[in-house]
Every structure is written in C-alpha cells, then in structure tokens.
Amino acid sequence: TGYRLPTEAEWEYAARADQPTIYSGSNDPAKVAWFGEGEKGKTHPIGKKDPNAWGFHDLSGNVWEWVWDLYAAEYSASKDVAINPDGPINLTDPRRVYRGGSFWIGARFVRVASRNWYTPDFRSDYLGFRVARSSP
C-alpha cells in the first residue's frame, strides 16, 4: 500500500507501453528523450518531450531512474507484468538497478532496454526516481 519504487519489470512495462519502439514512445530519441548533453547538460522539466502511448514522459533520457530490484546480470523482462522476476537472493551484494538513461549520455543508452546498477548510496545529478503505487 502507499508509494514505492517500481520493480524493474513494472518500469519496463510502463516504458514500453505495449509498443515495439526502441525508446519510450518513439524510434526517434530526439522526440522523447533528453540525451547526449554531457557535462554541459542538466535535468529538464518533465513533459517537454512527447509521451509514450500510455502518457508517460521522460522514461527515456533526462535522468536514470532507480527501481526496486537488486541487480541480476541475467535479468530478462517479460511483457507480462504478472511475471515479475524477484531479483537475486544474494543480499550481500547491495547493487541496485536504475533504468532509462540520462541527459549525460548518448542515444544508445536511453533505449528502453538500457539498464545499469550501483550501490544505493550513489548520488548524481543524472540519477533520480519515479514513484509507483500498488492498486488496492
């Protein structure tokens, strides 16, 4: 109940929005993502680029987004959000996943499939989060 980080599978399901696009909402990253600005870049207000088919903005680019899951190298997302991998059992490895890319990096890293990891104490101008809420 309440607000939380989305799981990795939930994040990918929302980003894909049942569409076969490379980026969240388009095959043209310039339409949906802030990317490739490097150290001269900065975060941008949400909603200035086109949304995906379900109305979500900025799931590709702008800032990487933390998700709930621990990192598993073999993660394979399912199009069925009901089949949500639990992530690794090894809690001695604290690496957490973040998704979506950022303004800092190139177009190939803002694809929906792009993912990365770091320990939860990592902080950066190009890393943020999006909240989710379970339906009652």
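The values are calculated or read from the model by the stated rules, or taken from the named source; none is laboratory data. Keep in mind that this is a model prediction, so the values were computed, not measured. All Cβ positions, even for glycine, are placed from backbone atoms using ideal geometry, and neighbour counts span all protein chains on display. Accessible surface is based on the protein model in full, side chains and every heavy atom, while ligands, DNA and RNA are left aside. Shrake-Rupley method; radii C 1.70, N 1.55, O 1.52, S 1.80 Å.
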Inset, instruction - Would you mind stating whether Arg115 is at pLDDT 90 or above and open to solvent by 70 Å² or more (accessible area, probe 1.4 Å)? - result: no
Inset, instruction - Considering only residues that are farther than 18 Å from Leu5 by Cα, modelled with pLDDT under 95 and of a type in the set (Asp, Glu), look in segment 44-86 and name the one that is most open to solvent (accessible area, probe 1.4 Å). - result: Glu74
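Just for segment 1-38: of the residues that are part of a loop (DSSP other than H, G, I, E, B) and polar (S, T, N, Q), which one is most open to solvent (accessible area, probe 1.4 Å)?
Restricting attention to segment 1-38, the residues satisfying the condition of being part of a loop (DSSP other than H, G, I, E, B) are 1-2, 5-7, 17-22, 24-25, 27-28, 33-37.
If we keep only those that are polar (S, T, N, Q) too, we end up with 1, 7, 19, 21, 24, 27.
Numbers: Thr1: 168, Thr7: 22, Gln19: 82, Thr21: 27, Ser24: 5, Asn27: 94 Å².
Here the residue is Thr1.
Return the residues of segment 92-131 that are in a strand (DSSP E or B) and touching a helix residue (DSSP H, G or I) at 6+ places or on another chain (Cβ under 6 Å); say none if nothing qualifies.
To start, the set of residues in segment 92-131 that are in a strand (DSSP E or B) comprises 96-99, 115-118, 127-129.
Result: Val97, Arg99.
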Inset, instruction - From (1) assigned to a loop (DSSP other than H, G, I, E, B); (2) at pLDDT 95 or above; (3) open to solvent by 90 Å² or more (accessible area, probe 1.4 Å), pick out the condition that doesn't hold for Ile89. - result: (2)
Inset, instruction - Exactly one condition in (1) over 17 Å from the mean Cα position of the chain (by Cα); (2) open to solvent by 50 Å² or more (accessible area, probe 1.4 Å) is not met by Gly41; state its number. - result: (2)
